[in-house]
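Undergrad: Can you read through this structure? Questions will come right after.
The values are calculated or read from the model by the stated rules, or taken from the named source; none is laboratory data. These figures come from a predicted structure and were not determined experimentally. Every residue, glycine among them, receives a Cβ derived from its backbone with ideal geometry; neighbour counts consider all protein chains shown.
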Amino acid sequence: MKTDFSTEREKHNYFSRMSDAQRLDAFATMLAWAESAVFLGGAGVSTESGIPDFRSKNGLYHRSEKRFSRYKPEYLLSYDCLRSEPEVFFDFYRRNLDARNVEPNAAHLRLAEWEASGRLTGVVTQNIDGLHQKAGSRNVQEIHGTIWKSHCVSCKAAYGVDFIFDSPDPVPRCPKCGKMVRPDVTLYGEFLPKEAHANALRMIQRADLLIIGGTSLEVGSAANLAHQYHGKYLVIVNKGKTHMEGMADLVFHDSIVKVLTAVSP
């Protein structure tokens, strides 16, 4: 694979002329060459484990549950809903976001394998399901939080994933102070978790290869992070169109499991 280009246009033209097999080989070469490769992923990474995304035609926001039909989808996972109608929030949350029995797919496992071998620095994810950690990834920055942790809004006592999902009460209450226990998930209307976002930003700014997978980058948090990348190579893997494709060296409109498992650095 050629590595020296006089202009970005020359580089773009070089990669755009490649066959599918050559593009996979180029991806493998980039990964082998990189000193700091980072993966930035979204819902499309987990859909192949059976977890629905949010906005596609089969996504969470298009499910026809009569009990929630009078609400806008984004409201059901918002801080306003948690604060104003906690019974509605927790009903929707329990019915739709319980990923405790979901297993990681081959894409999660491949990313963990790359990290363990030193090929990948870490993962930045919009997902809250914890499947990257379940697969064995260690450096995972969850910029939208996680279902696997929860806390009391008053005394800040920490609880695990089962506390909310298995609570018999419509609104889970802290045994210590009686106040509401909420998940450590970033809801609409809330700021991103500071530490995870700062770590993610640092990783992406230091990377020389950024792999964007399973996301259209329509959510501002991920898009803003992606635009902070100024490294050598950019690879995008997503079934649909993704913002920043014009800036990418390699674009795969295909299954992320299919692509990642076909790459052997």
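Undergrad: Considering each of Lys232, Lys194 in turn, give the residue that is more than 21 Å from Thr146 (Cβ to Cβ) and surrounded by fewer than 21 Cβ atoms within 10 Å (Cβ to Cβ).
TA: Among Lys232, Lys194, only Lys232 is more than 21 Å from Thr146 (Cβ to Cβ) and surrounded by fewer than 21 Cβ atoms within 10 Å (Cβ to Cβ).
Undergrad: Additional query: When Ala32 is evaluated against the numbered criteria (1) surrounded by 15 or more Cβ atoms within 10 Å (Cβ to Cβ); (2) part of a helix (DSSP H, G or I); (3) in the same structural domain as Ala226 (by TED's automatic domain parsing), which criterion, by number, is the only one it fails?
TA: (1) is the only condition that Ala32 fails.
Undergrad: With respect to Ala158, is the statement that it is hydrophobic (A, V, I, L, M, F, W, C), assigned by TED's automatic domain parsing to the domain that holds Ala223 and surrounded by fewer than 22 Cβ atoms within 10 Å (Cβ to Cβ) true?
TA: Details: hydrophobic (A, V, I, L, M, F, W, C): yes; assigned by TED's automatic domain parsing to the domain that holds Ala223: no; surrounded by fewer than 22 Cβ atoms within 10 Å (Cβ to Cβ): yes.
No; evaluated as a whole, the condition is false for this residue.
Undergrad: On to the next question. How many of the residues in the range 6-21 are outside any helix (DSSP H, G or I) and either in contact with a helix residue (DSSP H, G or I) (Cβ under 8 Å, 6 or more places away or on another chain) or not assigned by TED's automatic domain parsing to the domain that holds Ile236 (or both)?
TA: 1
Undergrad: Phe92 is checked against (1) aromatic (Phe, Trp, Tyr); (2) outside the structural domain of Asn238 (by TED's automatic domain parsing); (3) in contact with a strand residue (DSSP E or B) (Cβ under 8 Å, 6 or more places away or on another chain) and fails just one. What number does that condition carry?
TA: (3)
Undergrad: On to the next question. Looking at the range 45-70 only, could you name the residues that are assigned to a loop (DSSP other than H, G, I, E, B) and at pLDDT below 90? Walk me through it before giving the result.
TA: Step one: filter the range 45-70 for residues assigned to a loop (DSSP other than H, G, I, E, B), giving 46, 50-59, 63-65, 69-70.
Residues satisfying the conditions are Pro52, Asp53, Phe54, Arg55, Ser56, Lys57, Asn58, Gly59, Arg63, Ser64, Glu65, Ser69.
Undergrad: Being acidic (Asp, Glu) and within 14 Å of the chain's Cα centre (by Cα) narrows it down to one of Asp129, Asp184, so name that one.
TA: Details: Asp184 fails: within 14 Å of the chain's Cα centre (by Cα).
Answer to the selection: Asp129.
Undergrad: If I filter the range 77-92 for residues that are farther than 17 Å from Asp129 by Cα, part of a strand (DSSP E or B) and in contact (Cβ under 8 Å) with a residue 24 or more places away in the chain, do I get at least one hit?
TA: Yes, the conditions are met somewhere in the range 77-92.
Undergrad: Mind checking whether some residue in the range 58-81 is loosely packed, with under 15 Cβ neighbours inside 10 Å and closer than 26 Å to Val251 by Cα?
TA: yes
Undergrad: If you scan the range 106-125, which residues turn out to be touching a residue at least 12 places away in the same chain (Cβ under 8 Å), surrounded by fewer than 23 Cβ atoms within 10 Å (Cβ to Cβ) and of a type in the set (S, T, N, Q)?
TA: The one that is touching a residue at least 12 places away in the same chain (Cβ under 8 Å), surrounded by fewer than 23 Cβ atoms within 10 Å (Cβ to Cβ) and of a type in the set (S, T, N, Q): Thr121.
Undergrad: In the range 88-105, how many are within 30 Å of Ser264 (Cα to Cα) and surrounded by 17 or more Cβ atoms within 10 Å (Cβ to Cβ)?
TA: 3
Undergrad: Kindly indicate whether any position in the range 107-122 is touching an Asp or Glu at 6+ places or on another chain (Cβ under 6 Å) and either part of a strand (DSSP E or B) or in the same structural domain as Arg202 (by TED's automatic domain parsing) (or both). So that I can check it myself, show each step before the final result.
TA: From the range 107-122, those touching an Asp or Glu at 6+ places or on another chain (Cβ under 6 Å) are none; that's our starting set.
No, every residue in the range 107-122 fails to be touching an Asp or Glu at 6+ places or on another chain (Cβ under 6 Å) and either part of a strand (DSSP E or B) or in the same structural domain as Arg202 (by TED's automatic domain parsing) (or both).
Undergrad: A further question follows. For the range 70-88, which positions are more than 15 Å from Glu190 (Cα to Cα) and of a type in the set (A, V, I, L, M, F, W, C)?
TA: Passing the criteria: only Val88.
Undergrad: What number of residues in the range 171-216 are touching a residue at least 40 places away in the same chain (Cβ under 8 Å) and not in a helix (DSSP H, G or I)?
TA: Of the residues in the range 171-216, 23 are touching a residue at least 40 places away in the same chain (Cβ under 8 Å) and not in a helix (DSSP H, G or I).
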